[in-house]
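The values are calculated or read from the model by the stated rules, or taken from the named source; none is laboratory data. If you're wondering where the values come from, they're calculated on a predicted model, not measured in any experiment. A quick note on method: Cβ atoms are made from the backbone with ideal geometry, for glycine too, and the neighbour counts reach across all protein chains shown. Protein only, heavy atoms only, side chains kept; ligands, DNA and RNA dropped before computing areas. Shrake-Rupley method; radii C 1.70, N 1.55, O 1.52, S 1.80 Å.
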Amino acid sequence: MTSTVEERFSAPPLQLHRTLDWRAAFWLASGVPALVLFTIGGVAGVGGTLTFIIFATSITFGLIQSLTYAEIAGLFPSKSGGASVYGSIAWLRYAKPVAPLSVWCNWLAWTPGLSLGCTIAAAYILNALAPIPAFTASSAEVINYLSLYSGASLEQAIAAVTADATPAIRTWTLYKTSFGPVSISLNGVFWIGVVLCLLSFAIQHGGILRAAKFQKYMGLLVIVPMLIVGIAPIVTGQINWSNYTPLAPLAEAYAPEIGAWSVSGWTLLFGGLFLAGYSAYAFETSICYTSEFKNPGRDTVRAILYSGILCLVVTALVPFTFQGVLGLDGMLAEPIGDGSGVAEAMAKMVGGSGVVTNTMIMLMILAVMLLIMTAMAGSSRTLYQGAVDGWLPKYLTRVNEHGAPTAAMWTDLVFNLFLLTIAAADAASFFFVMAVSNCCYFIFNFLNLNSGWIHRIDNGKISRPWKAPTIAIVAGTSLSFVNAMLMGAGAKVWHPHALYAGFIAAFLILPVFYFRHYIQDKGKFPEHMLQDIGLTQADLKNKKAGILPYIAIAGGLMVMLTANWFFVL
């Protein structure tokens, strides 16, 4: 059976190669669990004692949603690029611009993972190579400063001595400016990030199978310690159960004062769920490689379900343990919030220091590299398939002799070098990029969860390798509206303009699609676009779902805008 499938879907030269099974896709997506380490500080900053519930709820949502994605992916064994590619075909009958919007938003959601990950990894490397010295009241430098400047306070003395002893590379920048809501800087973090981006590109340039083998060993080095960190404090009795109460929102973001279940309290909670979705939903990237599976009918559903199980364990366990050991004050500490102190906290949770701390820092850098490679592998295939299907410019279809979509990879790289100038500038700019990216992710999420039932209506007779229970399709559709509410209420928590910037970024697809479809393709889609489901262009005129898709979009917009109006800080 396997050989038959391989023969039927074998790739001609200079196309993606069918070299993967579900295990390889599992390892390619193994960077996703590490995302929890980079969002845990932000979520804790707005979620407080509700942090462990936020992550557990979010990963549960992600698992339910994955059932819809697994079904629609099975309809398209010759396509790569992820759920957005499969869902876009459902929307094509009803609104041409909506279909590429799904693909575009999925790419804008995933590709910033490259620049965001490089920013965090570069910060860790910079901390290791040029650490900022720590001074206390008993430090000789502080005592000497106070003797020279008798009018200075202790805090002023520590600040002055620290600034004087800080390595120049920590404050150096080749260029810095502000642009709208963000800052731009070509500082040390940026240049280290550039090197990491190029390293990820070089590894994946040799083909997806080589990248998958490389990520398998990196994944083991990262995931096993994460599981140890999640389990060890429970076994050794380090959990302080009072750290999980009271179950109430914070009075104010990043302040350890418990508030009330008011409108602002719910807004902070929804902001936490919004950001948690960035990491908890992301294992759907494991189905980006359908056209590279040897047996897509079998491998697709296994890849996403096993990736989901891994993410369920890590995403539920690690935040629970962090909160139980660190408590509210520890979770709200600045080094946890900006990610720079996560490795040290992990080392203390397993009873180590010194060598153990340095080992954890190295593992954090590996974790980020794993995430970077996952982001580039998935997002480049979204660009590639979007071009093959007629949504995006034709040049993105170029593939090298190893089956790597190099034109898409170069596009990813160049775009992320620009984002890196923003993300590396300061924490506010970093979270702005993440929030805008997540808005695009939730738009993609809404469109694709609704594509599940549209495919059932329009393409119900087409054989599916795996069919989700109908109740799962209903639950996924319901969650699409829940996510629309979370985006409307929660995006503003991270930046007041994040929601609007997200929609501006999303609708940049319109001129891109116009160029490809009406200028390059003269208003016609490629004939092979619909070959997996046995349809022709003429079949698209048959709209069995009627006005229901339009009602879904209108309903989603109404829910989002109402939530944005009602929930305020």
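Every listed requirement among (1) farther than 30 Å from GLY117 by Cβ; (2) among the aromatic types (Phe, Trp, Tyr); (3) surrounded by fewer than 14 Cβ atoms within 10 Å (Cβ to Cβ) is met by TYR145 save one, (3). As for region 492-506, it holds no residue that is within 26 Å of PRO77 (Cβ to Cβ) and not in a helix (DSSP H, G or I).
With respect to the conditions (1) assigned to a helix (DSSP H, G or I); (2) aliphatic (A, V, I, L, M); (3) over 18 Å from the mean Cα position of the chain (by Cα), ALA121 lacks only one, and its number is (3).
Could you go through region 529-544 and let me know if any residue there is under 30 Å from the mean Cα position of the chain (by Cα), open to solvent by less than 60 Å² (accessible area, probe 1.4 Å), modelled with pLDDT of 95 or more and not basic (Lys, Arg). No: region 529-544 contains no residue that is under 30 Å from the mean Cα position of the chain (by Cα), open to solvent by less than 60 Å² (accessible area, probe 1.4 Å), modelled with pLDDT of 95 or more and not basic (Lys, Arg).
Among the residues making up region 56-71, those that are open to solvent by 10 Å² or more (accessible area, probe 1.4 Å) and within 16 Å of the chain's Cα centre (by Cα) are PHE61, LEU63.
So that you can scan it fast, the table gives a plain yes or no per residue for (1) open to solvent by 10 Å² or more (accessible area, probe 1.4 Å); (2) in a helix (DSSP H, G or I):
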| site | (1), (2) |
| --- | --- |
| MET369 | yes, yes |
| GLN385 | no, yes |
| TRP410 | yes, yes |
| VAL414 | yes, yes |
| ALA425 | yes, no |
| PHE431 | yes, yes |
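Kindly evaluate GLN215 against the criterion of being part of a helix (DSSP H, G or I), touching a helix residue (DSSP H, G or I) at 6+ places or on another chain (Cβ under 6 Å) and farther than 30 Å from LEU508 by Cβ. Against the criterion (part of a helix (DSSP H, G or I), touching a helix residue (DSSP H, G or I) at 6+ places or on another chain (Cβ under 6 Å) and farther than 30 Å from LEU508 by Cβ), GLN215 qualifies.
Only one of the listed residues (PHE190, PHE270, PHE274, PHE201) is modelled with pLDDT under 90, of a type in the set (Phe, Trp, Tyr) and surrounded by 15 or more Cβ atoms within 10 Å (Cβ to Cβ). That residue is PHE201. Here GLY117 clears all of (1) touching a Gly at 6+ places or on another chain (Cβ under 7 Å); (2) within 21 Å of LEU28 (Cβ to Cβ) except the condition numbered (1). Highlighted here are the helices (runs of 4 or more DSSP H) found entirely within region 234-344 that include at least 3 residues which are closer than 30 Å to TRP27 by Cβ: 263-280, 296-331.
Of all residues in region 153-184, those being over 23 Å from PHE418 (Cβ atoms) and either part of a strand (DSSP E or B) or of a type in the set (Asp, Glu) (or both) number 2. Residues that are free of Cβ contacts under 8 Å to residues at least 24 places away in the same chain, open to solvent by 20 Å² or more (accessible area, probe 1.4 Å) and not in a loop (DSSP other than H, G, I, E, B) do occur in region 389-405.
Taking the criterion of being open to solvent by less than 30 Å² (accessible area, probe 1.4 Å), over 20 Å from GLY237 (Cβ atoms) and without any contact (Cβ under 8 Å) to a residue 40 or more places away in the chain, the residues of region 313-365 that qualify are GLY341, THR357.
Can you give me the ranges of the helices (runs of 4 or more DSSP H) entirely in region 1-110 with at least 1 residues that are at pLDDT 90 or above? Correct list: 35-47, 51-73, 83-92, 98-110.
Residues in region 212-241 that are open to solvent by 40 Å² or more (accessible area, probe 1.4 Å), under 21 Å from ALA56 (Cβ atoms) and in contact (Cβ under 8 Å) with a residue 60 or more places away in the chain: LEU227, ILE228, ILE231, ILE234, GLN238, ASN240, TRP241.
Conditions tested, residue by residue: (1) at pLDDT 95 or above; (2) touching a strand residue (DSSP E or B) at 6+ places or on another chain (Cβ under 8 Å); (3) not hydrophobic (A, V, I, L, M, F, W, C).
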position: ILE443; (1), (2), (3): yes, no, no
position: ILE473; (1), (2), (3): yes, no, no
position: TRP494; (1), (2), (3): no, no, no
position: GLY502; (1), (2), (3): yes, no, yes
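Quick check on LEU486: is it aliphatic (A, V, I, L, M) and part of a helix (DSSP H, G or I)? It is true that LEU486 is aliphatic (A, V, I, L, M) and part of a helix (DSSP H, G or I). For region 36-55, the set of residues classified as open to solvent by 10 Å² or more (accessible area, probe 1.4 Å) and within 17 Å of the chain's Cα centre (by Cα) consists of PHE38 only.
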